[in-house]
Structure formats: structure tokens, C-alpha cells
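Rule-based calculations on the coordinates, nothing more; no lab input. These numbers were taken from a predicted model, which means no experiment stands behind them. Don't worry about glycine lacking a Cβ; one is built from the backbone with ideal geometry, like all the others, and counts go over all protein chains shown.
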Amino acid sequence: MPYRIIPVTPFEQNCTLIWCPDTREAAVVDPGGDLDRIRAAVAAAGVTLKQILLTHAHIDHAGGVAELAAADGLPIVGPHPGDQFWIDGLGQQARMFGFREAKSFTPDRWLGQGDTVQVGRLTFEVRHCPGHTPGHVVFHVPAENLAIVGDVLFAGSIGRTDFPGGDYDTLVNAIRTQLFTLGDDVRFIPGHGPMSTIGEERRSNPFVADKKFG
């Protein structure tokens, strides 16, 4: 399954362009900003952008959503309704962190545990993984052993829990029950930094490795 990781915003957030090789229909996950860079990646891939998927509504992930959706007529899918207050506060987030103006929006479809999303002929399974934010979701493509996990889990680390609505114990539980159960061979794209595998994080992640809980 083809995809492109597009670092955007001063936070180097991993926006992901992913598409169905059969239909060439694409989705962009977490377009936090730098829309010219995202559009250039779409053009270079020769795909048709059909929808915006959102893991959570922190500014570096969601800052470009309203503008891209309005300009290109794209539906917004996700996150979970628990992130409504983060969506409502996007303007304040932008000012706080020195981003360009960002508008709030209403998703065309909220997501919850067990939902699925179609991108062409690809099926994305949705898992609700709160703790970094209350409404954080991750997208798993079982046929490709790939997951897009936003700021839940990183190579060697986990998401921050000191923002409003964050909770350390909730996040660790989500990682262990929702991500580690995907299978050790699943590769994942985090919201920042390099890719890893579920198995590697189970073995070596200092926050959630199996040995920490054995």
C-alpha cells in the first residue's frame, strides 16, 4: 500500500498521504498545516484526494483541516467526539503556539471504537485511544500490517499527558489494550519521528514495554 509521510508545521508533524493502489483514491491524515507541501505530494503521487482523516485535534495535526476541507471540498472524518473542545479551541491553540490562524470545524463524521473507514478498496479499522487527548483515534489497515497512531505511541516514547484532558494511566492502558493487540509485526507511523513496529515497542519502549509490566 503506497503512502507518503509529509512533515508539516514547525513541530515536524508526520502528516500522511495514503492511497488505494487500485483506485488511486487518497486520504490525508492529520493535515496540520503547510498545505502547499501536502498538495505538492498529492500531485506528485498522481492520486485523487477524497477525504481528510484526523487522529486528534491538537493544532499541529488539525490546524490546516478547515482550510483544506473548504478549498478542496473534502469531508472531514474523525476524530472521536471527546476532542470537540480541542476543535473549538483551534484559534486559541494557534495563537498560543505561534501558528497561522486556524479555524474550528465540524467533522462530517465522528469516529468511535470499532468503526471502519474506506479509502478506495482499503479498509481502515478505528481504535479509540484516549490519554493524550480524550478523543484520539488510530487507524489500522490490517491487510497491510500498518497503523497510523498519531501521538499515542512513538519509537521509544509515548504521547504527552500534561495537556487538558490528558491522563497517563489512560494512555498506557490504551497502548497496551488497543495497539499492542494489533500484532508485533504491525508497522506504525507516529505523529512525530521515525516509524517503528509494535513488537519493537513491546520489547524496548521504557514506558510500556512488556518487561515493565511482567
**Report entry** Ranked by how many other beta carbons lie within 10 Å on average, peptides 63-69, 117-123 from highest
**Finding:** 63-69, 117-123
Query raised in the report: If amide H atoms are built 1.01 Å from N in the plane of the peptide, which residues on other chains or at least 5 residues away come under 5 Å of the amide H of D34?
Result: T9
Query - Qualifying lysines (Cα of each under 23 Å from Cα of K103; at least 8 residues distant if same chain) - result: K50
Report task. Work out the charge dipole of the chain with +1 on the Cβ of Lys and Arg and -1 on the Cβ of Asp and Glu about the Cα centre, then indicate which of Q84, P190, P130 is farthest towards its positive end. Result -> P190
Query raised in the report: With the contact rule set at Cα under 8 Å and sequence spacing of 6 or more, what percent relative contact order holds for the chain?
Result: 15 percent
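For Q13, what charge total do you get from the other residues with a beta carbon under 12 Å from its beta carbon, if Lys and Arg give +1 and Asp and Glu give -1?
-4
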Requested in this report: Report, for segment 3-213, the % of DSSP beta bridges that are antiparallel, rounded to 5.
Outcome: 70 percent
Report summary line: By the C-alpha gyration tensor axes a ≥ b ≥ c (rounded if a/c is under 1.5, else prolate when a/b exceeds b/c, else oblate), the shape of segment 114-214 is oblate
Query raised in the report: When only Cα pairs under 8 Å and 6 or more residues apart are kept, what is the percent relative contact order across segment 67-191?
Result: 21 percent
**Report entry** Note, ³J(HN,Hα) from phi for segment 179-189, Karplus 6.51, -1.76, 1.60, rounded to Hz, x at Gly and Pro
**Finding:** 9, 5, 7, 6, x, 4, 8, 6, 7, 9, 9
Query - Sorted largest first, extent of the chain alpha carbons per principal axis (Å) - result: 51, 41, 28
Query raised in the report: Which Cα, out of P142, P107, H56, lies furthest along the positive dipole direction of segment 3-213 (beta carbon charges, K/R +1, D/E -1)?
Result: P142
Report task. Determine which aspartates and glutamates satisfy two conditions relative to K212: a Cα distance under 18 Å, and not lying fewer than 8 residues away in the same chain. Result -> D169, D184, E200, E201
Query raised in the report: If packing is taken as the mean number of other Cβ atoms within 10 Å per residue, what is the order of 184-194, 105-115, 160-170, 79-89, highest first?
Result: 79-89, 184-194, 105-115, 160-170
Requested in this report: Taking amide H positions as placed in the peptide plane 1.01 Å from N, state which residues far from G183 in sequence (5 or more) or on other chains have amide H under 5 Å from it.
Outcome: none
Query raised in the report: When the chain is treated as a GNM, springs tying every alpha-carbon pair under 10 Å, which of A27, A70, A57 comes out with the largest mean-square fluctuation?
Result: A70
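To the nearest 20 debye, what charge dipole does the chain have about its Cα centre, counting +1 at the Cβ of each Lys and Arg and -1 at the Cβ of each Asp and Glu?
Details: 18 positive and 25 negative charges, 40 e Å.
Dipole magnitude for the chain comes out near 200 debye.
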Requested in this report: Take the alpha-carbon centre of segment 98-127, take the same for segment 158-183, and report the distance between them in whole Å.
Outcome: 19 Å
